[in-house]
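Please read the structure below before turning to the comments.
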Number of protein chains: 2
Amino acid sequence: MSHEKFLDELISTLGADVAQRGADVPERYHTDWSGTPPQRPLALVRPRSTQEVSAALRLCTAHQVAVVPQGGLTGLAGAAVPSQGAIALSLERMNTIENTDTRAGLMQVQAGVTLQAVQEAAVAAGMVFGVDLGARGSCQIGGNVSTNAGGNGVLQHGMMREQVLGLEVVLADGTVLPMLRPMIKNNTGYDLKQFFIGAEGTLGVVTRVLLRLRPAPQATATTLVAMPDFDAALAVLARMQSHFGNGVAAYELMWDSFVQASLSWLQLGAPFAERHPLLALINMDGKNESQLQGDVQQVLEEAMEAGEVVDAIVAQSVAQAQALWKLREAPAELNNNMHPAINFDVSLPQADIGRFAQACEAAFSARWPQKHALYFGHVGDGNLHVSVDGKTVGGTPEAIEAVEAELYRLVGEFQGSVSAEHGIGLHKKPYLQASRTQEELAAMRAIKQALDPLGLMNPGKVFD
Amino acid sequence: MSHEKFLDELISTLGADVAQRGADVPERYHTDWSGTPPQRPLALVRPRSTQEVSAALRLCTAHQVAVVPQGGLTGLAGAAVPSQGAIALSLERMNTIENTDTRAGLMQVQAGVTLQAVQEAAVAAGMVFGVDLGARGSCQIGGNVSTNAGGNGVLQHGMMREQVLGLEVVLADGTVLPMLRPMIKNNTGYDLKQFFIGAEGTLGVVTRVLLRLRPAPQATATTLVAMPDFDAALAVLARMQSHFGNGVAAYELMWDSFVQASLSWLQLGAPFAERHPLLALINMDGKNESQLQGDVQQVLEEAMEAGEVVDAIVAQSVAQAQALWKLREAPAELNNNMHPAINFDVSLPQADIGRFAQACEAAFSARWPQKHALYFGHVGDGNLHVSVDGKTVGGTPEAIEAVEAELYRLVGEFQGSVSAEHGIGLHKKPYLQASRTQEELAAMRAIKQALDPLGLMNPGKVFD
């Protein structure tokens, strides 16, 4: 059997420590956090170097075996779940922080370093790294690159794409592209590294990343504000940005349904005496703790006079700031409280998010009067999350599909995107064409064909 | 003759107002600011709409006629100079600002709008646009996208790539890719628009651009500082960024040779009583004029105590700030004072720029003891410009080539880039491989083949 010959060659080339047959592969490599049914890979390869990645891919090309790159396996779209007959290629052993240059604000790492390790190394060097998200302890930088990760820092520092100054990538045929020159400006032909950021492993394997670090803030402030409607929320964001500029580090909007779920699931005390249509958690960076606190107070007073803010709490300590941020942690409890949670991660023109949420509520309520839906998100970036409790809409696969179809129909109507930060993977493939024209999809396929002519890199992910 | 048939069809399809035969094409469309010998195009097409661009390209594909896209024709690398037998496609009539959304900070424009028109419209709307460069009155947004333009604002706002939220592009076969959805986060397959930014018209024609606008600063300050060496210059930049964060809007470093040339060519008075190895022009943004001035004074005093700064002038008025910035305007006089000026636009790891300039001086002096070379640049971005007076190295084409070869050899040694912000075009093709491996060039060619299989888009530019 040709797979046997391939596996023999793989193990003899890389060694039994690096390459394992499928039967020996632990279950944790069979799926990711997306809830996709597990699939045993043909083999698991855990290389320790770019050379070993290249050797593995050369063999896969010679035997026409598909490759599914794996990072921390925390993806929510299923891009890292093994495909039938494919090997899983885990970057977990390539976890060295190779170089930190605080003067230039750069850090070069292997792709298997966790996001948290990068964050901690940046702080130890007196700087910060611009991307942060809930899975920080498990997710890996290579996966953050491959999904163009978003999270809590996008408003201030941009997506993962804007933190990447260089990449080393191995193509399906084993070719190594060393795009690691540490330059901010480098207009020498196509900026090839851009092609691999957000490609979800379908064009090549990211093996090294040259990251930009950001200066550490000297002071931070946190406030929780209550607002009457979405237009007020946008006005407050604009007011904050006008006053603090790029110092507005996070602006997380929570509709009342979400706040009530958080209070109940996490057993928190209500922050305000009254319920309000919308709350926002806002972080600001500044130079001086007391001046920043004073400025925040003043801007909030102006916003209250303008009727944009109806109530507000300014954290007086780190502990109080952390307590306020607890309100935002309901997402970690979704799967314990919704059966199942039908989760969405959509992008919209920022100004339309309020109307979109209303349109979803109206459409859902018309069809499923008992539905329980939460709305929250990184509104500063135009990113809305919606979670619907499956059992309140009937709980069947058909009902779940109907909820998805309804929401994605509205996304198309609002000229939005079906994936803001989680990617397409397996789960959102049916809805990709709601955000991309046939012409765009044809151009993507042409690029795929150019860089992976045998179609071996993460097949069946993003598009067929 | 088949060209006659093509021209007849082109004119009958688009009208004689939009399409002109080569014999009728004014000389200004025959070359650009790069000094490349003029070439008469087969025809000039000046479409008024994306549909007309698409119709022209469909005909070009049907007749296998090449297309050279043209913007403001201010490029310094020759990318917009007509190729033999190609039509020139000028975007100059597509110069409408279609939509400005200050709440979302977005502006949608046609590709032929000048940079200055965009800047002025942004200011009129109470915001600013992040890219600025000397050719602002003539260069067009489509050209800024296609060259991934740099300039004076990169330190604060990034390159053109970071100002682009969406693009509409027409491929060689006339296919329109409408990648204009106004979202910051949109992880739905490959981020196709990235492929066309900096591609110098070799993959398609940019017809519309969705731009990000930035909040206008409330106060600005300008200072000219004198420093003993390059390490001091980096320390001052770090100190400024640590204090003012992203408020450091420009940091332009000038070596003494450049300063002396500016003083002489522009007949300016010396800013300081003594000459100093390095001067930097620094702009800072802030919220309050008097507070900002005070902060700048304080940071400069700290830098002087630390020995990083030996003298400094803080502008007390807009007029004085403009007078200080005059010192940076020698580049406009290069062609009047050097015969010819051999100009370089290289990128280097920021920390190595000082050593690189020393290495150039040493290498040039060893071979051409009479050489006159100026060093200056956007050091905050790792971008150094060097101009060598051709007549001081012999003035022959061989001598010019030898100077280029010597400098680009050093760029390779320092792991730099042969083009920071001007692009490759025609002029830097021979040196592209100093900044890119054969594997990278092969991947670029594969992408080119995928999106332009007949090789009709701007042939012979960037690579052959």
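A short reminder: the numbers here are calculations on the coordinates, not readings from a lab. Computed from a prediction, not measured in an experiment: that's the story for all the values here. Every residue, glycine among them, receives a Cβ derived from its backbone with ideal geometry; neighbour counts consider all protein chains shown.
Given a Förster distance of 30 angstrom, what is the FRET efficiency for A:THR437 paired with A:ARG367, based on the Cβ-Cβ distance and rounded to 0.05?
Plugging the Cβ-Cβ distance into 1/(1 + (r/R0)^6) gives 0.55.
What does the convex hull of the alpha-carbon atoms of chain A project to on average, in nm²?
Computing the convex hull of the Cα atoms and averaging its projections yields 22.8 nm².
Starting at the first residue of the stretch A:263-272, write each ³J(HN,Hα) from the Karplus equation 6.51 cos²θ - 1.76 cosθ + 1.60 with θ = phi - 60°, in whole Hz, x for Gly and Pro.
Couplings: 4, 6, 5, 9, 6, 9, x, 4, x, 10 Hz.
Tally the DSSP beta bridges in chain B and give the antiparallel ones as a percent, rounded to 5.
Bridges in chain B that DSSP calls antiparallel: roughly 90 percent.
Distances from B:SER12 to the same residue in each other copy, label points 7 Å out along Cα→Cβ, in nm, shortest first?
Output for B:SER12: 6.8 nm, nearest copy listed first.
Report, to two decimal places, the Cα Rg of the stretch A:219-331 normalised by 2.2 N^0.38 Å (N = number of residues).
My calculation over the Cα atoms of the stretch A:219-331 gives 1.00.
Give the shape of the stretch B:97-215 as rounded, prolate or oblate, defined through the alpha-carbon gyration tensor: a ≥ b ≥ c are the square roots of its eigenvalues, a/c under 1.5 means rounded, and otherwise the shape is prolate if a/b is larger than b/c and oblate if not.
Prolate, because a/c is 1.5 or more and a/b exceeds b/c.
Can you list residues whose amide H is under 5 Å from A:HIS427's amide H, if they're 5+ apart or on another chain and H is modeled 1.01 Å from N?
Residues meeting the criterion, in which the H sits 1.01 Å from N, do not exist here.
Determine, for A:THR100, A:THR396, B:THR102, B:THR147, the number of other Cβ atoms within 10 Å of each Cβ, and report the residues in order from fewest to most.
Fewest-to-most Cβ neighbours within 10 Å comes out as A:THR396, B:THR102, A:THR100, B:THR147.
Between A:ASP311 and A:LYS287, what length in nm is gained on full extension when 0.36 nm per residue of separation is reduced by their alpha carbon distance?
6.0 nm
Can you give the three extents of the C-alpha atoms in the protein assembly as shown along their principal axes, from longest to shortest, in whole Å?
Largest to smallest, the principal-axis extents are 82, 69, 62 Å.
Kindly list the residues of the stretch B:169-201 that lie in the label zone of A:GLU413, defined by a backbone N under 19 Å from the point 7 Å along the Cα-to-C-beta vector.
Zone members listed by number: B:182.
Taking 0.36 nm per residue of sequence separation and subtracting the Cα-Cα distance, how much length would be gained by fully extending the chain between B:GLN320 and B:ALA23, in nm to one decimal?
Between B:GLN320 and B:ALA23, full extension yields 101.9 nm more.
Given Cβ point charges of +1 (Lys, Arg) and -1 (Asp, Glu) and nothing else, what value in debye, to the nearest 20, does the dipole of the stretch A:97-215 about its Cα centre take?
280
Expected output is a single nm value to one decimal: the length gained when fully extending between A:ASP231 and A:GLN358, i.e. 0.36 nm times separation in residues minus the C-alpha distance. What is it?
Contour length minus Cα-Cα distance gives 44.4 nm.
Provide an ascending nm list, one decimal, of label-point separations from A:GLY126 to the equivalent residue in each further copy; define each label point as 7 Å from Cα along Cα→Cβ.
4.0
Cα centroid distance between the stretch A:148-209 and the stretch B:1-74, in Å?
36
What are the ³J(HN,Hα) couplings of the stretch A:283-288, residue after residue, when phi is run through the Karplus curve with 6.51, -1.76, 1.60 and θ = phi - 60°? Round to Hz, x for glycine and proline.
10, 10, 9, x, 9, 9
Taking only C-alpha pairs under 8 Å that are 6+ residues apart, what is the relative contact order of chain B in percent?
15
Once the label point is placed 7 Å from Cα along Cβ, list for A:ALA23 the distances to the corresponding points in the other copies, in nm, shortest first.
Label-point separations across copies, in nm and ascending: 8.1.
So for B:SER347, B:SER138, fewest C-beta neighbours within 10 Å to most, what's the order?
Arranged by neighbour count, lowest to highest, B:SER347, B:SER138 become B:SER138, B:SER347.
Kindly state, to the nearest 0.05, the FRET efficiency for B:ALA332 paired with B:VAL123, given R0 = 22 Å and r defined as their beta-carbon distance.
Efficiency computed from Cβ-Cβ geometry: 0.40.
How long are the three semi-axes of the equivalent ellipsoid of the stretch B:338-421, in whole Å, if each is the root of 5 times an eigenvalue of the C-alpha gyration tensor, listed from largest down?
21, 12, 11
For the cross-link pairs A:LYS193/B:LYS371; A:LYS391/A:LYS429; A:LYS461/B:LYS185; B:LYS391/B:LYS448, which exceed 31 Å when the distance is taken from alpha carbon to alpha carbon?
Cα-Cα > 31 Å for A:LYS193/B:LYS371; B:LYS391/B:LYS448; rest within.
Hey, with R₀ at 45 Å, roughly what FRET efficiency would B:ARG58 and A:LYS5 work out to, going by the Cβ-Cβ distance, to 0.05?
0.35
Given points 7 Å out from each Cα along the Cα-Cβ axis, report the B:SER138 to B:GLN116 separation in nanometres with one decimal.
1.1
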